[in-house]
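The block underneath contains the structure these notes are about, expressed in C-alpha cells.
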Amino acid sequence: MTARPAAIVLAVAGALLLAALLFPIYWMVVASLMPESRLFESRSLLPTAVTFEHYRALFDERDFLVPIRNSLIVSGLTTIVAVPVAALCAYSLARLRMRGKSLLLAFVLAVSMFPQISIVPPLYLILRELRLLNTYPGLVLPYLTFSMPLAIWLLTGFFRQLPRDLEEAAMLDGATRMRTLRDVVLPLAAPGVASTAILTFLYCWNEFLFALSFTLGPDRYTVPVAIMLFRGRYQVPWGEVLAATVLATIPVALLVLACQRRIVAGLTVGATKG
Amino acid sequence: MNHRAAPVERAETRLAWLLVAPALAVILLVSLVPIVVTAWEALHLHDLRLPWLGRPFIGAGNFVEAASDPRFGAALFHTVAFALISVPLELMLGLALAVMMHSVVQGRAFIRVSALLPWAIPTVVAALLWRFMFESQTGILASSFQTFGLVGPAFDWFVDPIAAWVPIIAADVWKTTPFVAILLLAGLQTIDPALGDAARIDGASPATGFLTITLPLLTPALVVAGAFRMLDALRLFDLAYVMTGGGPGTATEPLSLYAFIALMQRLRFGYGSALSVIVFLLTFAFALVWVRALGRSLSGARS
Amino acid sequence: MQRALRFGLLVVAGYALACGPHDATTRLTFSGSALGPEGDVVRRQLARFTEQRQGVRVELQVTPDSADQRHQLYVQWLNAHAPAPDVLQLDVIWISEFAAAGWILPLDAFDPGVDDFLPAALAAARWKGALYAMPWFVDVGLLYWRTDLLDRAPRSLAELRQMAIRLRDADATRFGLVWTGARYEGLITVFLEHLAAFGAGILDARGRVIVDDPAAIRALAFMANAVNVDRVVPSSALTWQEEQVRFAFQNGDAAFMRNWPYAWTLLQDESRSRVARRFAVAPFPAGDGGQPAAALGGAQLAINARSAHPALAFELMAFLTAPEQMIERGRLAAQLPPRRSLYETSELAAALPIPLDQVRQVLEAAVPRPATPVYSELSEILQVRIHRALTGQQPPAAALHEAGREMRALLTRAGLSSEGPTQ
C-alpha cells in the first residue's frame, strides 16, 4: 500500500504548516497578556501570568478608540462608495453588449497593479491644494485607486457566474435592464456582492502607505499607522504594541471566521477569471 | 454581415457605457491621471524645501542621477533579490498547504480559517509581530535560535545587514502562503480525480502521480499565483518600513521605501517621482514577461 | 428613492458627528518638547497665558522627544500646509531651513523688541536679514574643569593641552579631556569651538565654504592629535554622546569635559557624582589667532506660516519669551535665558544653579552654527569627514578638502552658492 506512507507524510507536513501559520498569532495574544516585567523573560510557551494592563493603557493613555474609529469610517465609506459604482460597471461588463470589453477589463486589472508609491506624489500635492490632507475624504479618494479595480474585477466574475435564465425570463416579461438588475440579478448575486464588500473593507482596513502619507496626526491616523507610531522614550512599548495588534486583528479575525467561505469564493473568482 | 446595429442593440450599448462611466471616471481620475502626473513630475527638479529653485524641466536628469546613485542600485538589488527569494518559497509552501487542504476531509473549515488569518492580518501587525519574535536575545524566535546554537550569544538580527532580511522574508512568506494556497486549491479542485485514479491503477506511486499529472495541470494556477505574488513582492514597502525602517543603515531598503523617503522625508518630489516611476516600470515589465509566459503555458496546457 | 435619501442623511450625519463640535473661543496650538521639568514649565506658562488672555485657549501638541523625529514631524506638517501648530519650538539649526522653505512667518511686521537678546541667538534667528524666530532658551558649550586639581581655568588652548597631559600623566585622572566624539551633531559643536579657537569657521559671512582653510585644518589637526598622539582624549570618546561624556567626568575620570549646561545640576548631585562641588565652567579657550568660543544651541519660537491666528500667535510668543517666564524656566528647568539684561539681576542669580559670572563669560563667547537651509546636509558631510580624520582613516587636510568640495557642490545644487541665495 504505497498510499499510506504518503498520506502520513502529507498529514505531518500539513500539521507542521498549520502550526507554523497559527503559532505567531497565538504568541501575539499570549504575549499581549503578559505583564511588562515578564514579557522578555518568559521561556515557556504557555502563559504563566495574565494581565490586562496593556489593554487598559491603550485606552486610558493612548486613546486607541480614535484610530479604530478612523479606520472604521474610512474603510466603511470607501466600501460604500466603491461597491455600488463597481457593481454597475461589473454588470455592464458581464452582461451587456459593448465593444472593447476585454480591453476595459484588462485596463482595470492593469490599474490595480500600479505600485501605490507611484501615485503618492500627485495625490499628495492635489490633496494639499484641496486642503484634504488629514481628513476622511482625503483618504477615501486615494483608497478608491485600489478598491475600485478590485471590486470591479471581483463583481464581474460573480455576475458572470450567475445563470442567465432568470434574467432572460424577466426581460421576456418586459422588464428593463435596470429593473432586472435590481430585482433579479442583485438578490441572486448578494453573496458575491457581500464577498466583494468584505474583501474591499479588509483591504482598506489593512492599508498603510496612503494612510501614512496623507494623515498628519493622531486625530486621523488609522489603526495600522497608529500602532506603527507608538514610540516610547528609549524603547518600543511591546506590551501595548502587541495589545494594539491584537485589537487590530480582532475585526479581521471575526470577518474571517464569519465569512471564510465567501472570502475564499472572492479570492478564487478573482484568480480563476480567464 | 449587418454593420448597422439594431436599435435595441444600440440602446443596450449606450446603457452599457452609461453604467461603466462612473467607475471608469473614478479610475481615470484617481489612478491614471496621477500616474501620468508622476511621470511628468519625474522630468522636473522639484525640491519642496528649496522653493526658490522653482520647478524647472530637466528631462532625464533625475533618472541619470538615479543611475549613478549607489543607494538606488542597492535598493533595486534588494527589491529583486527579495522577490526572487520569497516568491518561490511561497509557491512551494503554498502548494504543500493546498495539497494538504485538498486531501483533508474533516475540519476543512478550521483549516481554511487558520490559513486565512495570516493573510487577512494587516501587514503592519505581521511586521511588528515578527519583529517582536526576532527581537535580539529576548524574542522567542531569537532566543530559540540562540539556544540551538545557530547564532552567537549577543547576536542581534536587526543589526546585521543580511540577517535583518530573514525576519522580513519570514513575515512575508508567513503572510502570503495562505493566499497562494487558496489560489492553488481552486486549481486542484478543477482537476479531474479520474486522472489520478487511472495513474494509480497503472501502478504509479502517489509522488509520481503528483509530478506527472497534478503538477502540469496545476501550472496555469501556479503561474497566476506566481504573477500576483511577484507583483506584490516588487512593490514591497509595509514590511520593510515597519520592521526595520530600511535599516541597519539602508541594508533592508527596497525601492518603494527609498522612493518614499525621497518624497516624504527629503521632500525631493522630482527625484522621488522618478524613483516611483522606476518601480512602476519594473512591475510593468515583469507583468509583460509573465503575461507572455502565462499565454504560452495556457496554450501548452491545452495541448 | 426614500431609502437612498435616508441612507444619505445617515452618512452625512455620521460624518458630521465624527468631525466633532466647534467651540467659541479661539484655539491656539503650541508644539514643543514637553517632557520632565521642561514639560511642567511649559504647561504652567501656557495655562497662565490662557488665564490672562481672555477668549484664547492654548493647547499643547505633544511631539516625540528625539530632535530628529520632531524635525521630521514638523517638516511633514508644515509641508502639508497644516494650520496647526500655530507656534513651534525650533532647534536653532532649523530656523534657516524653515524660513527659506516659506514655512514660518517673518516677524518684523510685529515689531518685536529684540535689543535685549544675545547677538549670537539673533543671528541664528535671521534669514536674509529678516527675523523669523524669537530666542527662547540657549544652550552653550561649556568647558567643565576640576577645581580640586587646578587653580584656574586654562587661558589658552595650549595651556589646556598641557594641563590635561600633566594631570593624566600624574594619574590624577584617567583622561585629560572628554568631548562628544560620536558621528552626530554633537561632534560638530565641538569642532565649531576648535575652529573658532583658531580663527576659522565653516562658512564665512557671505556664506562661502571656508572649512578647508589652513586655520581650519590646524583646528582639526589639533583635535586629531589630542586623540591619537597626545591621547588626552580617549579613543572611546569617538562613540560618546552627551551622557557618556558626562558619566566620565562625573566619575572623576576626566580633568576637563566639554558639555552643555544641563550637566551642571546632575554633577552637583552628591549622591551620584564624585565631583560634586569640585568643578567650575569656563569658555573653551582660544588657540593661535582665535577667540574663546562656545557653540550656541538651544531653541527658539516661530509662527506657522499657515496659522489662522498669526497676531495671537505672536502674543503667545512674546509672553513666553518675556523676562518673568524666562526666569521661571531657569529656576524650574535650569535653562539659560537668551536675554542679556537678566544676567545683571539677582532673580536670575537666585534661579540658576550655575554661577552667573561664569555663565556670562561663556555667553559672550557664543558662536552660532551656519544659518543655511541645507545645514543638516552640510553637517552630515562634515560629520563623516571629521570622524574619519579623528579615527585616523584620513589626514585632516585631505578630509577637510574633500568636505569642502562636497559642501560647495551641495550649495551650488541648492542655488545657495558663494554669493548667497540666488533669489
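Here's the yes/no breakdown for (1) farther than 30 Å from B:Ser276 by Cα; (2) in contact with a helix residue (DSSP H, G or I) (Cβ under 9 Å, 6 or more places away or on another chain); (3) assigned to a helix (DSSP H, G or I):
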site: B:Gly73; (1), (2), (3): no, yes, yes
site: B:Leu84; (1), (2), (3): no, yes, yes
site: B:Ala96; (1), (2), (3): yes, yes, yes
site: B:Met100; (1), (2), (3): yes, yes, yes
site: B:Val105; (1), (2), (3): yes, no, no
site: B:Trp119; (1), (2), (3): no, yes, yes
site: B:Gly149; (1), (2), (3): yes, no, no
site: B:Val159; (1), (2), (3): no, no, no
Does the stretch A:158-167 contain at least one residue that is touching a helix residue (DSSP H, G or I) at 6+ places or on another chain (Cβ under 6 Å), assigned to a helix (DSSP H, G or I) and at pLDDT below 80? yes
Taking the criterion of being modelled with pLDDT of 85 or more and more than 24 Å from C:Asp68 (Cα to Cα), would at least one residue in the stretch A:213-222 satisfy it? no
Would you confirm whether or not the stretch B:11-31 contains a residue that is part of a helix (DSSP H, G or I), more than 30 Å from A:Arg179 (Cβ to Cβ) and over 36 Å from the mean Cα position of the chain (by Cα)? no
Scan the stretch A:129-148 residue by residue and report those that are surrounded by fewer than 18 Cβ atoms within 10 Å (Cβ to Cβ) and either at pLDDT below 90 or in a helix (DSSP H, G or I) (or both). A:Glu129, A:Pro137
Could you list all residues from the stretch C:298-319 that are of a type in the set (A, V, I, L, M), part of a helix (DSSP H, G or I) and surrounded by fewer than 22 Cβ atoms within 10 Å (Cβ to Cβ)? C:Ala311, C:Leu312, C:Ala318
Exclusive hit being more than 7 Å from chain A (Cβ to nearest Cβ), buried (at least 22 other Cβ atoms within 10 Å of the Cβ) and either modelled with pLDDT of 85 or more or under 27 Å from B:Phe158 (Cβ atoms) (or both), set B:Leu128, B:Leu141, B:Leu95: B:Leu95
Test: C:Val114 is more than 30 Å from C:Val233 (Cβ to Cβ), surrounded by fewer than 24 Cβ atoms within 10 Å (Cβ to Cβ) and more than 17 Å from the chain's Cα centre (by Cα): yes
Take the conditions within 11 Å of chain B (Cβ to nearest Cβ), buried (at least 19 other Cβ atoms within 10 Å of the Cβ) and under 22 Å from the mean Cα position of the chain (by Cα) and apply them to A:Val223. Does it pass? yes
Counted residues, the stretch C:75-99 - those being in contact with a Phe, Trp or Tyr (Cβ under 6 Å, 6 or more places away or on another chain) and at the interface with another protein chain (Cβ under 7 Å from one of its Cβ atoms): 0
From the residues in the stretch B:46-60 that are outside any loop (DSSP other than H, G, I, E, B) and out of contact with any Phe, Trp or Tyr (no Cβ under 9 Å at 6 or more places or on another chain), which one is farthest from the other protein chains (Cβ to nearest Cβ)? B:Phe57
Go through the stretch B:239-258 and report how many residues are among the small types (Gly, Ala, Ser), within 11 Å of another protein chain (Cβ to nearest Cβ) and farther than 16 Å from C:Gln72 by Cα. 1
In the stretch C:226-252, anything over 20 Å from C:Arg274 (Cα atoms) and among the basic types (Lys, Arg) is listed as C:Arg231
Could you list all residues from the stretch A:60-118 that are surrounded by fewer than 20 Cβ atoms within 10 Å (Cβ to Cβ) and among the aromatic types (Phe, Trp, Tyr)? A:Phe107
Can you tell me which of B:Arg131, B:Arg200 is charged (D, E, K, R), within 27 Å of A:Ile25 (Cα to Cα) and in a helix (DSSP H, G or I)? B:Arg131
Listed residues C:Leu122, C:Leu131; which is over 20 Å from C:Ala365 (Cβ atoms), surrounded by fewer than 24 Cβ atoms within 10 Å (Cβ to Cβ), without any contact (Cβ under 8 Å) to a residue 60 or more places away in the chain and within 18 Å of the chain's Cα centre (by Cα)? C:Leu131
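Condition check ((1) closer than 29 Å to C:Ile327 by Cα; (2) within 25 Å of the chain's Cα centre (by Cα); (3) surrounded by fewer than 24 Cβ atoms within 10 Å (Cβ to Cβ)) across all residues:
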residue: C:Leu142; (1), (2), (3): yes, yes, no
residue: C:Tyr184; (1), (2), (3): no, yes, yes
residue: C:Ala197; (1), (2), (3): no, yes, no
residue: C:Ala216; (1), (2), (3): no, yes, no
residue: C:Ala224; (1), (2), (3): no, yes, yes
residue: C:Val229; (1), (2), (3): no, no, yes
residue: C:Val232; (1), (2), (3): no, no, no
residue: C:Ser236; (1), (2), (3): no, yes, yes
Only one of B:Leu218, B:Leu236 is of a type outside the set (Val, Ile, Thr), in contact with a Gly (Cβ under 7 Å, 6 or more places away or on another chain) and either at negative phi or facing another protein chain (nearest Cβ under 10 Å) (or both); which? B:Leu218
Residues in the stretch A:67-80: is at least one facing chain B (nearest Cβ under 10 Å) and part of a helix (DSSP H, G or I)? yes
Looking for whichever is outside any loop (DSSP other than H, G, I, E, B) and more than 11 Å from chain B (Cβ to nearest Cβ) here; the options are A:Ala151, A:Ala189, A:Ala175. Which one fits? A:Ala189
Yes or no: A:Ala194 surrounded by fewer than 21 Cβ atoms within 10 Å (Cβ to Cβ) and either more than 14 Å from A:Met148 (Cα to Cα) or over 19 Å from the mean Cα position of the chain (by Cα) (or both)? yes
List, please: which pairs have Cβ atoms under 6 Å, are six or more places apart or on different chains, and start with a residue in the stretch C:319-335 that is on the phi > 0 side of the Ramachandran plot and end with one that is part of a loop (DSSP other than H, G, I, E, B)? C:Ala334/C:Pro353
With the requirement that a residue be in a loop (DSSP other than H, G, I, E, B), at pLDDT 90 or above and out of contact with any helix residue (DSSP H, G or I) (no Cβ under 6 Å at 6 or more places or on another chain), what does the stretch C:81-98 give you? C:Ala82, C:Pro83, C:Pro85
Restricting to the stretch A:88-107, name every residue that is more than 9 Å from chain B (Cβ to nearest Cβ) and of a type outside the set (S, T, N, Q). A:Ala94, A:Gly100, A:Leu103, A:Leu105, A:Ala106
From B:Asp197, B:Asp160, B:Asp192, B:Asp202, grab the single residue that is among the acidic types (Asp, Glu) and either at positive phi or touching a residue at least 40 places away in the same chain (Cβ under 8 Å) (or both). B:Asp160
Run down C:Ala350, C:Ala366, C:Ala399, C:Ala389 and say which single residue is more than 14 Å from chain B (Cβ to nearest Cβ) and under 23 Å from the mean Cα position of the chain (by Cα). C:Ala366
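The values are calculated or read from the model by the stated rules, or taken from the named source; none is laboratory data. What you are looking at is a predicted structure, and each value in this text was computed from that prediction instead of being measured. Note: ideal-geometry Cβ built from the backbone for every residue, glycine included; neighbour counts use all protein chains shown.
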